[in-house]
Structures are given as structure tokens and as C-alpha cells.
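First, the structure itself, so that you have it in front of you.
Values quoted throughout were computed directly from the atomic coordinates according to the rules given, and no laboratory measurement underlies them. Here the structure is a predicted model, which is why all the values come from computation and not from measurement. FYI the Cβ positions are ideal-geometry reconstructions off the backbone, even for glycines, and counts take in every protein chain you see.
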Amino acid sequence: MPRLRMIKGVPSLRLRPYLSSPPEPLKPSFRIFKTVPLLRNDRYEALVQRQVVGFVPTMGALHEGHLALIRQAARETDQVYVSIYVNPTQFGVNEDLSSYPQTWPTDYQKLATMEQELSRENTRGRIHAIFLPNTTTMYPGLPPSSEIEGDGSFVTITPLAKKLEGASRPVFFRGVATVVMKMLNIVQPEKIYFGQKDVQQTFVVKRMVRDFHLNTKVIVAPTVREDDGLAMSSRNVYLGARRRRVALVLLNALKAVQEVFARGARKRVYLHKAAMEVLTKVQKQQQALPASQRARFEIDYISIADTETLDELEEVASEHGAIVSGAIKMLPIEEPRPGEELGIGGDASAVRLIDNIRLDLLSAKLDFLT
Ligand code: AMP
């Protein structure tokens, strides 16, 4: 009789499959909540047990950028709550709400794998719960409006929400502030985690937390990038190979600002010009190519802004630095070639890309000039 069969009280039949095939991945220990009352009960338990809760809000289609936030939250808190909810009120009427990637089965697998990784690393905290609400749960009063004049209970943070991204997407930050306020009221985390990639969002949320005396600490984690430097984003899957190659122009424009700053330029006119030169050069190069080869883009903005207020700067003080951010819109591919690798959606819609870097002498030396 094989030794395993002799384990006291364990029927041999249950052991047999383990002898021939590897065990199934462990079922993750996190709980999944779709409604508020059960999550609240669970959160109350954490409070009673004095567990520190960290919260990572997301819209799903998880990538390494999201996972890095979860990892950091697990190092710094006892219980990590992650939400996945594609919030309709932050999409304008002509934006990509209906096509926004929703990939719950893959997201679940990524979270389960991350949970195992955290367990192996023995981090302070683990993924404790996933909040997966629907829109009736999140907006119980009215169907939410995506119109700027539309009715609803909204949080507005102005003038911050009107600048930069807000100028191109007028309802965006009203939607973000509203949903984050709702999430904060539901989860009541000690710490909430956001990515530097969406820099203006971090400003809006910090301002909201301060102005409404919300009892949470906003933690901002660095932007996670692909190997070539492109900032990871759930929307990158729409790009396709041709636009993906050209998309790097935005980061290159931001790096050009960093380089002239490191060489001593401080006035906005020179810093801004450095970025625009890179962008317009590549724009012209693409324009000159045949339609079957080019990937055209529009420049939305390049901003050189104060690190505290996000106000545009005429001159950057060496000791304060600045936040240099930008947005471009990759236009639809005009003539796909036979067999060409197209993104999800067949490269038929425009894809807006944003990125930012912190301008300071230290990072100038470390990141780009060595
Ligand atoms: P989203 O699902 O796009 O709403 O993003 C959820 C959170 O992940 C936000 O705090 C984002 O700033 C953050 N995030 C998205 N992409 C990245 C990235 N490449 N690096 C770091 N954080 C990111």
C-alpha cells in the first residue's frame, strides 16, 4: 500500500489525483462583494480588529500598473480592498464607455495569482476583498448623466477639474470625484492608492479629501511603463502595432523637456518648445508617409505646471521643479494593410494617450542623462 494511503482519516480516493497531476491553483481567499451592506459588515470587522485597510479603485482590464498599486497597498496596510467598476459618469457622451475593455475572468486570474505572490512574499497585508458593484448600486438615485448640465448628485472640484484633461473632457473629473467619494464612503479605507500616470486625477482626489475632511490618506505610486517606456494603460490594447510604435512620441517629447531643463532652461517658452519640436517633427514625418503606412496623431496639450497647484508656470524654479504632462490623440488607421496586426477594435477609433514626468534636477540626472 502506498504511504500516502496510510494517512489517518484521509480517504485514499481523494489523494489519487494529486499523485498523477499537479494540484489546481489555490482558490484565492479574498471575498467578492457586489453590494454595499455585506461589504460594510466586513469592513466593520476590520475596524473592530484594528486592521488597517488600503483601497485600490480601478476600472478593471488590469495590467502591471494596477498590480503595482495592489502590491504597494499590501506592503503598507493589513487588508487590501480592490474595486473594479467602469464608472459611466466620467465618460462624455461621445467617449468610449461602450467599448471600454471589460475582462473580469482575466482580472480574477490576475488577482488570484497576485494573492499567491503576496502570500509567498509574506507581505503585511493581502488582497482581502474585491468590490464589483453595478451602476444601480453606485448610483441608486437617478440614472447617472454624462451631460455637463445633467442632473445627479455630483462632486465638483474646480478650477482643477477644468484644466488640462478637464478642458478636453468636461465631465471627466466630476465623474471621477463623484465615484471616488462614493467608494470612500463605502470602503472607508485608511489609505487609498492612485497611480502617478493620471497625475491630474491625483490632484483632484487630494483636493477633495482635504476640502471635504475625508478621513483617508492619498498615496501616489510611480507610473509603470512597458519596456520601451510607454506608460501602461488599459486603452493600449486598442492601438495596434503601427500606432503603438508612434505612440512613444509623447514620452519622447516629455523627455526632451527634461533634457533642456537639465541643461539650464527654466522659462516655459523654451521648455514647451522642446516638447512641441519632437511632436511636430514626428507628426510631419507621419503625414508624409502613404496612408497605408502612417499613424497620424493630434496634439492636445503640453503642460508645464506647478507641483502643488497644477497651475501653468511661466518659469520653473530649480528647487521646486514642475510636472510636465501631455496628451495626444492617435487617429484611426486610414488604410490597414492585409495581415497587419490591428488593435482590439481594428484600429478604427481614435485613442487618447496621456503621460507625465516630474521635472527636477535629480530625476533629470538619474533617468535620462546617464
Ligand atoms: P484605471 O483602471 O485606468 O481607472 O486606473 C486605476 C488606477 O490605476 C488609477 O489610480 C491609475 O492612475 C492607476 N494606473 C493606471 N495605469 C497606471 C500605470 N501605468 N502606472 C501606475 N498606475 C497606473
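Cα-Cα over 29 Å: which of Lys162/Lys182; Lys163/Lys329; Lys191/Lys255; Lys162/Lys197; Lys27/Lys206?
Violating the 29 Å Cα-Cα cut-off are Lys191/Lys255; Lys27/Lys206.
What percent does the relative contact order of the range 218-370 come to when contacts are Cα pairs within less than 8 Å and at least six residues apart?
28 percent.
Something else: Compute the helix-to-body angle for 172-187: its Cα long axis versus the longest principal axis of the chain, expressed 0 to 90° and rounded to tens.
20 degrees
What distance in nm lies between label points placed 7 Å from Cα along the C-beta direction at Glu117 and Ala288?
4.3 nm
Now for a different question. Return the inverse of the average 1/r over all pairs of distinct C-alpha atoms in the chain, which is the Kirkwood hydrodynamic radius, in Å to one decimal.
22.8 Å
Roughly how tilted is helix 104-121, in degrees to the nearest 10 and between 0 and 90, from the longest Cα axis of the chain?
Taking Cα atoms only, the helix is inclined about 70 degrees.
Evaluate the range 307-353: find the radius of gyration of its Cα atoms, find its Kirkwood radius, and give the ratio Rg to Rh.
1.31
Something else now. Would you be so kind as to identify which of Tyr270, Thr137, Leu67 lies farthest towards the positive end of the dipole of the chain, taking Lys and Arg as +1 and Asp and Glu as -1 on Cβ and the Cα centre as origin?
Towards the positive end, the residue furthest out is Leu67.
How many times 2.2 N^0.38 Å is the alpha carbon radius of gyration of the range 31-221?
For the range 31-221, the normalised Cα radius of gyration is 1.00.
Using only Cα atoms, what is the ratio of the radius of gyration of the range 213-276 to 2.2 N^0.38 Å?
1.50
Which trypsin sites (Lys or Arg not before Pro) in the range 265-370 pass both tests, a DSSP loop state and at most 16 other beta-carbon atoms within 10 Å?
Arg266
If you take all C-alpha pairs in the range 239-346, what percent of them are over 20 Å apart?
The calculated P(r) of the range 239-346 puts 46 percent of pairs beyond 20 Å.
What whole-number distance in Å separates the alpha-carbon centres of the range 267-302 and the range 315-343?
The range 267-302 and the range 315-343 have Cα centres separated by 9 Å.
Please report the net charge: other residues with Cβ closer than 10 Å to the Cβ of Pro336, K and R +1, D and E -1.
After counting each charged neighbour, the total is -3.
Measure nothing fancy, just the Cα-based angle from helix 64-76's long axis to the longest principal axis of the chain, in degrees from 0 to 90, nearest 10.
Taking Cα atoms only, the helix is inclined about 60 degrees.
Once the Cβ-Cβ distance between Asp306 and Arg337 is put in as r, and R0 is 45 Å, what FRET efficiency do you end up with, to the nearest 0.05?
0.50
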